[in-house]
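A single structure is presented below for examination.
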Amino acid sequence: MRKFLTLALLVLALGRPAFAAEPTAPKNDPAIQIYNQEDGSAKVAFEQRGASYEVPAGAPVRLLLINGGFAADAKIVVESDRTLVPLRIVSENLGAEVGWDGTTRTVTITDGSNAVKLVIGSAEADANGALIKLDAPARIIDDYTYVPLRFIAEALGAEVGYVAKFNDWQGSLSQRFNNATIVTVEKEAGAVQKTVAEGLAAVKAASVAEHDSLVAYYKEIGASFSDENPDYDPADIEYIDKNIGRYFVYRLKGFEGYQVLYNSFTGEIYSDHAGLPTFNIDKGFVNISWLYQ
């Protein structure tokens, strides 16, 4: 079994500006960093969006993934097993328009021919003229209007998914983050989704390219592979029969603690990795050279 160089990962993480912001970011970019702080709290940073927030010690990390991109300002609330989300964040990310009538405290969401009306504090909503009973009433939390996620997503024609204990799929390095959960919302009208086989071929090709870089790096520093530091088969990738929203999840055998995520609509590849005390999802195939002793 290969050994992992967590110290090198820590040096790599600390050697670049923390939570660096990019001027723009595509909506389907899942790049994220979760940083466990000394007091037991966690800092969740969305590097490509220049945003971050903190999660109190002992509280779970709850993430909202809409059409392949993490919503940087969506602080999910769970009450009585009901998931509540900021209405405007979900609606606008799905292409809907949101209106507000302060006199009647009514929110209106329009998406083409669909119209949904909710009154703050009411457990009913008007969806295209039909009254719908809500699992929980619309309410205002920290200046955001919160509504039951499944209702608003399905009213706008989207599908909702849930990934509990995200890091349970991974190796021991990431178990410190096994309280992270992801709620996914997907709506792709007319888009053509790629297959698992197409994703496998693309991820294998990315692994070959990473392997070529690793071989070149070893030659440059005068190192060689050994029993303690073995070479790997760059084509030794497998689909683990798990999806995170639109992302198919693959693993390189021998490096099971590091998931490779394939965007089944865009073909983009992302990888997650953990080093003390961070957990990251970054674009590209995982940097294998940093995982060797």
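The values are calculated or read from the model by the stated rules, or taken from the named source; none is laboratory data. All values reported here derive from a predicted model rather than from experimental measurement. Because the Cβ atoms are built from the backbone with ideal geometry, glycine has one as well, and the counts that use them run over all protein chains shown.
Which is on the phi > 0 side of the Ramachandran plot and modelled with pLDDT of 90 or more, of Gly68, Gly112? Walk me through how you get there before you give the answer.
Values: Gly112 fails: modelled with pLDDT of 90 or more.
Just a single option satisfies the conditions, and that option is Gly68.
Would you check if Val85 is under 28 Å from the mean Cα position of the chain (by Cα) and either modelled with pLDDT of 90 or more or under 23 Å from Glu268 (Cβ atoms) (or both)? Spell out how you get there, then give the answer.
On the way: under 28 Å from the mean Cα position of the chain (by Cα): yes; either modelled with pLDDT of 90 or more or under 23 Å from Glu268 (Cβ atoms) (or both): yes.
Yes.
Of the residues that make up the stretch 273-281, is at least one of a type in the set (Ser, Thr, Tyr) and surrounded by 13 or more Cβ atoms within 10 Å (Cβ to Cβ)? I'd like the intermediate steps shown before the answer.
The initial filter retains those residues of the stretch 273-281 that are of a type in the set (Ser, Thr, Tyr), namely 278.
Retained after the next criterion (residues that are surrounded by 13 or more Cβ atoms within 10 Å (Cβ to Cβ)): 278.
Yes: the stretch 273-281 contains one or more residues that are of a type in the set (Ser, Thr, Tyr) and surrounded by 13 or more Cβ atoms within 10 Å (Cβ to Cβ).
When you scan the stretch 171-192, do you find a residue that is among the small types (Gly, Ala, Ser), modelled with pLDDT of 90 or more and in contact with a Leu (Cβ under 7 Å, 6 or more places away or on another chain), even just one? Steps first, please.
Start the filter on the stretch 171-192 by keeping residues that are among the small types (Gly, Ala, Ser), which leaves 171-172, 174, 180, 189-191.
Next, only the ones that are modelled with pLDDT of 90 or more stay: none.
The answer is no; no qualifying residue exists.
Being at pLDDT below 85 and in a loop (DSSP other than H, G, I, E, B) is true for just one of Ala235, Ala223, Ala274. Which residue is that?
Details: Ala235 fails: at pLDDT below 85; Ala274 fails: in a loop (DSSP other than H, G, I, E, B).
The conditions single out Ala223.
Here's a follow-up. Which residues, counting only those in the stretch 66-84, are closer than 15 Å to Glu47 by Cα and either among the acidic types (Asp, Glu) or in a strand (DSSP E or B) (or both)?
The answer is Gly69, Phe70, Asp73.
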